[in-house]
Amino acid sequence: MSAHEQFAEDLALYALGALAGEERAELERHLDGCSQCRQELEALRGDMSLLALSVAGPKPPARSRQRLMMAVSREPRRSAAPARRPWWMLVPSFAAIALAIAVFALWSQNGGLKERIATLEKQSAAQQGELQKAHEVVATLTATDAMTVTLVAAKTPPQPQGKVMYVRDRGSLIFLASNMPMPPAQKMYELWLIPMKGAPMPAGMFKPDARGSAMVMNPPMPPGTEAKAFAVTVEPESGSSVPTMPIVMMGEGE
């Protein structure tokens, strides 16, 4: 169908003033550049004027009436299905659909990546927190100015404790005591080395300070003596050659 044939169907309605909307605007744009359709429109308007005059005046020419009726009779063809567009005109639509699908896929993937990043950031923050706590524990345990306090049951005095470090081959010995009560007047504590064989051997006299702490360092000991255990008794200030019962503290070697 040519452009003239397409718009010829609208000319009659336009001449009658019954064409509106986008169809009217499209026809007017076509009329601006098509002299043939403008001439046809003028002819239709002239025929309608003659018909209007025929009501009170002379009968219009049969040719004018026939031309107008033929133009109007062509109008029902507009109800026919519009011509199918060539397949290549649908390419932009397919491209738009494909682009929309790609954008949606990227958006979904981006959302998953954001959730994964958020999860990793939370895990990293938790690990950093645990590492910081570990550093704080190590710093507390190794601090030189840390205060060490031993807690005991309420209203129960701390129990006396002693620790011996003994090197048999050199005969060197260090004894550390804590929470030791003050011995009776003219009395002292005496440390004893109990060998694997033979009688107990004196290993030093000591008296605790006001806090109950005491130390014996490198008393005269014969090298090579194998110790089975160590014990503490209360003896005269001058010391004893054999332990006086009862034994205050005793411990065997590990």
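From (1) modelled with pLDDT of 85 or more; (2) on the phi > 0 side of the Ramachandran plot, pick out the condition that doesn't hold for ARG24.
Every listed condition holds for ARG24 apart from (2).
Could you please find all residues in the range 178-212 being among the hydrophobic types (A, V, I, L, M, F, W, C) and either farther than 13 Å from GLU235 by Cα or part of a loop (DSSP other than H, G, I, E, B) (or both)?
Passing the criteria: MET180, MET182, ALA185, LEU193, ILE194, MET196, ALA199, MET201, ALA210.
Kindly evaluate LEU131 against the criterion of being surrounded by 10 or more Cβ atoms within 10 Å (Cβ to Cβ), modelled with pLDDT of 80 or more and more than 30 Å from LEU11 (Cβ to Cβ).
So LEU131 fits the description; yes.
The values are calculated or read from the model by the stated rules, or taken from the named source; none is laboratory data. This structure is a prediction, so every number in the text was calculated from the model and none was measured. Heads up, the Cβs are rebuilt from the backbone with ideal geometry, glycines too, and the neighbour counts pull from every protein chain shown.
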